[in-house]
1. Taking residue 237, is it of a type in the set (Ser, Thr, Tyr), within 19 Å of residue 135 (Cα to Cα) and modelled with pLDDT of 95 or more?
2. Every residue in segment 112-134 that is under 15 Å from residue 81 (Cα atoms) and open to solvent by 10 Å² or more (accessible area, probe 1.4 Å), please.
3. Could you check how many residues of segment 247-263 are modelled with pLDDT of 95 or more and surrounded by fewer than 17 Cβ atoms within 10 Å (Cβ to Cβ)?
4. Regarding residue 39, is this residue open to solvent by less than 10 Å² (accessible area, probe 1.4 Å) and within 13 Å of the chain's Cα centre (by Cα)?
5. Give me the pairs: first residue in segment 61-78 and in contact (Cβ under 8 Å) with a residue 60 or more places away in the chain, second residue among the small types (Gly, Ala, Ser) and crowded, with 19+ Cβ neighbours inside 10 Å, beta-carbon distance under 6 Å, and six or more apart or on different chains, which are they?
6. Which condition number does residue 208 fail, the rest of (1) open to solvent by 10 Å² or more (accessible area, probe 1.4 Å); (2) within 19 Å of residue 69 (Cβ to Cβ); (3) basic (Lys, Arg) being met?
7. Residues in segment 78-96: is at least one of a type in the set (S, T, N, Q), loosely packed, with under 15 Cβ neighbours inside 10 Å, part of a loop (DSSP other than H, G, I, E, B) and modelled with pLDDT of 95 or more?
8. Residue by residue through segment 211-226, note down the ones that are open to solvent by 40 Å² or more (accessible area, probe 1.4 Å) and either within 18 Å of residue 183 (Cβ to Cβ) or among the hydroxyl-bearing types (Ser, Thr, Tyr) (or both).
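The values are calculated or read from the model by the stated rules, or taken from the named source; none is laboratory data. Predicted model only: the values in this text are computed from it and were never measured. Cβ sites come from the backbone with ideal geometry, for glycine too, and all protein chains shown count toward neighbours. Surface areas here come from the heavy atoms of the whole protein model, side chains and all, with no ligands, DNA or RNA. Shrake-Rupley method; radii C 1.70, N 1.55, O 1.52, S 1.80 Å.
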Amino acid sequence: MIRKLLAVAAVTSVSAGLVAVVDSEPVRAATCVTVPAVAHRGGTERYVENTRDSFRDATNRGAGVWETDVQFTADNVPVILHDDTIDRTTNGTGAVADLTATQLATARTADDQPVPTLREFVNDVQVDGVRALVELKVPPTEAQWATFLAALSSRPITSKIVVTSFDGSVLVAARAHSSAYATGLITELGDQSVASVTQYAGTRILIKHHNAITWSRLDAWQAGGLSVYSWTVDTASEWQRMGSYPAGWMDGVITNEPGGYLAWQRGRVC
């Protein structure tokens, strides 16, 4: 196993003014690892994010994993939406938490799609035969845990679903409410010890900002038994870097452009 032999150089991330640490990457002959594509919110190549068409398009382009977000309506229905309002992605306005499911159902995206419910999303996961990373955007109330788990269990695909969050306490609560689903911790920049992930009810999936991924860190995470996904990776140079690490060190590249990523993957010369 490659140990921590590489020099570390600090570079400044242009996103959000954050500072990332990236290992000096040596040129390694014949390194050409195929890392699975994870469609971030279904992708935005043809359809509006987090819509049923965007997820179906991702499958048609070859992505076998979907990533999505869950918010709750005023009457505790879990729906597929990243923002806490519907203003950016639909022709409606207002906070999701202030709208009933019936009210939300009248909103339409720019490509004339409704906001999906989690139950519809789970149905589509089963139909397309994919896996899904499902991020809880807010800590659920007890009533919301009930509707969330009811939606997840509406199809027999328990092993295909990972419940994720930036908030470790949400993962602990998820495991307390149901031990059936794997959990994943989402983090941004900086290092992450294995213990800082597994402390949340044994979570063993780490979803890490791509600027924070380095050889030495991946080595430690892999040795500690973590599954690692990088987010959100939309450039060929970063796709190249994610595919340059040893096989098995990374479980998925989360991207807004799953079709583009897979086309790049097919066309590269190793």
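1. no
2. Within segment 112-134, 113, 114, 115, 117, 119, 120 qualify.
3. 1
4. yes
5. Filtered contacts from segment 61-78: 61/259; 63/37; 63/39; 65/252; 66/39; 66/132; 78/151.
6. Unmet condition: (1).
7. Yes, that holds for at least one residue.
8. 225
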